[in-house]
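The following block contains the structure, expressed as structure tokens.
The values are calculated or read from the model by the stated rules, or taken from the named source; none is laboratory data. Nothing here was measured: the structure is a model prediction, and the numbers come from that model. Cβ atoms come from the backbone with ideal geometry, glycine included; neighbour counts cover every protein chain shown. Surface areas here come from the heavy atoms of the whole protein model, side chains and all, with no ligands, DNA or RNA. Shrake-Rupley method; radii C 1.70, N 1.55, O 1.52, S 1.80 Å.
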Amino acid sequence: GVEGDVWLVELGEKITMLMPFEVKIVKYMIDHDGVIEKDKIAELKWGNAGEGVSDQAIAKSMQRLGGKFRHHVLRPIPKIGYQLRLK
């Protein structure tokens, strides 16, 4: 419902809607210098089931999320996770 809908706003521009787990990931990155670890992504998206999640599944989720940004880019950090940066 509307209550769970969160808009991605970049540089004052309303871009698109984010899914609840995407909101958690973006909030986490904002609070941690734009960086999120792979295991944290798995935990935020899949909860306790996230332990056995493949790097490929994580990459796909982050690719989808990264595609929603217009002014930022999600860069993979090999063996660690991802970093959110301005393009």
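Any chance you could count how many residues in the range 5-24 are within 11 Å of the chain's Cα centre (by Cα), open to solvent by 50 Å² or more (accessible area, probe 1.4 Å) and not aliphatic (A, V, I, L, M)?
The total comes to 2.
Please work out which residue is surrounded by the most Cβ atoms within 10 Å (Cβ to Cβ), limiting yourself to the range 65-80 and to residues that are closer than 18 Å to ILE30 by Cα and basic (Lys, Arg).
LYS68
Looking only at the range 36-53, which residues are open to solvent by less than 60 Å² (accessible area, probe 1.4 Å) and of a type in the set (Gly, Ala, Ser)?
ALA42, GLY47, GLY50 - these are the residues of the range 36-53 that are open to solvent by less than 60 Å² (accessible area, probe 1.4 Å) and of a type in the set (Gly, Ala, Ser).
While we're on this one: Can you name every one of the helices (runs of 4 or more DSSP H) wholly within the chain that holds 3 or more residues which are among the β-branched types (Val, Ile, Thr)? Reasoning before the result, please.
Details: elements: 20-31, 38-46, 55-66.
Once the helices (runs of 4 or more DSSP H) in the chain are filtered for at least 3 residues that are among the β-branched types (Val, Ile, Thr), what remains is 20-31.
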